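The values are calculated or read from the model by the stated rules, or taken from the named source; none is laboratory data. Everything quoted here is computed from the prediction, not taken from an experiment. For neighbour counting, all protein chains shown are included, and Cβ atoms are generated from backbone atoms with ideal geometry for every residue, glycine included. Only protein heavy atoms, including side chains, enter the accessible area calculation; ligands, DNA and RNA are left aside. Shrake-Rupley method; radii C 1.70, N 1.55, O 1.52, S 1.80 Å.
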Amino acid sequence: MSGEARTDVEAVEAANTALYEAVERGDLDALAEHWLHDDVSVVHPGWPVLTGREEVLRSYALIMANTEYVQFFLTDVEISVMGDTAVVTCTENILSGGPAEADGSAGPLIGGLVVATNVFRRTEDGRWRIWAHHGSPVLVEEDDEDEGVDGFDSGVDGPDGIDGEGGTIL
């Protein structure tokens, strides 16, 4: 973060933004810097609850390894700070893509919506680090030709994807 935030809300907003930017860059080391060291948890859409720093970071490593491109457009961001705990709720408007096609052209891009809750704690050094992330897919009705399972396609799927080939889940 450039310059010091004037308020806790601004500092939490900067920490939240940095978290998503690390995922967009596929930078697991930077992502790890934003997580607390103890008692962390994550729920990716379609996944069970993962607890513990090692398991949480492993899940992000799997996502990053299977996602060629991902970009987040955060909307509906709400931040609440109480003491040394902060809650961020937002909608993750996700644009992601898989590996390039055989001819070298860009792979298909998929859009999806996830509502997320990120819980941060202030550490002894004054930094806000993420304690828990929970993401739930938003089901969006698609045209008949674009329909997914049961006529809906959230743009996200489980650890091995609906088709067993992986997917974008954050």
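A compact table of results
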{"item": "Residue that is open to solvent by 50 Å² or more (accessible area, probe 1.4 Å), at negative phi, touching a strand residue (DSSP E or B) at 6+ places or on another chain (Cβ under 9 Å) and not aromatic (Phe, Trp, Tyr), where the choices are Thr91, Thr75", "result": "Thr75"}
{"item": "Among residues of the range 94-104, those that are open to solvent by 50 Å² or more (accessible area, probe 1.4 Å) and part of a loop (DSSP other than H, G, I, E, B), counted", "result": "6"}
{"item": "The range 142-153, subset within 24 Å of the chain's Cα centre (by Cα) and either at pLDDT 95 or above or open to solvent by less than 70 Å² (accessible area, probe 1.4 Å) (or both), residue nearest to Gly52 (Cα to Cα)", "result": "Asp153"}
{"item": "Meets criteria (part of a helix (DSSP H, G or I), open to solvent by less than 60 Å² (accessible area, probe 1.4 Å), out of contact with any Ser or Thr (no Cβ under 9 Å at 6 or more places or on another chain) and among the hydroxyl-bearing types (Ser, Thr, Tyr)) for Ser59", "result": "yes"}
{"item": "Of all residues in the range 62-72 being within 12 Å of the chain's Cα centre (by Cα) and free of Cβ contacts under 8 Å to residues at least 60 places away in the same chain, the one that is most open to solvent (accessible area, probe 1.4 Å)", "result": "Gln71"}
{"item": "Top-ranked residue in the range 8-52 [being part of a loop (DSSP other than H, G, I, E, B), within 23 Å of Asp76 (Cα to Cα) and out of contact with any helix residue (DSSP H, G or I) (no Cβ under 9 Å at 6 or more places or on another chain); ranked as least open to solvent (accessible area, probe 1.4 Å)]", "result": "Pro45"}
{"item": "Residue that is within 15 Å of the chain's Cα centre (by Cα) and of a type outside the set (Val, Ile, Thr), where the choices are Ser96, Ser105", "result": "Ser96"}
{"item": "Subset of the range 122-141 that is touching a Ser or Thr at 6+ places or on another chain (Cβ under 7 Å) and crowded, with 18+ Cβ neighbours inside 10 Å - its residue that is modelled with the lowest pLDDT", "result": "Pro137"}
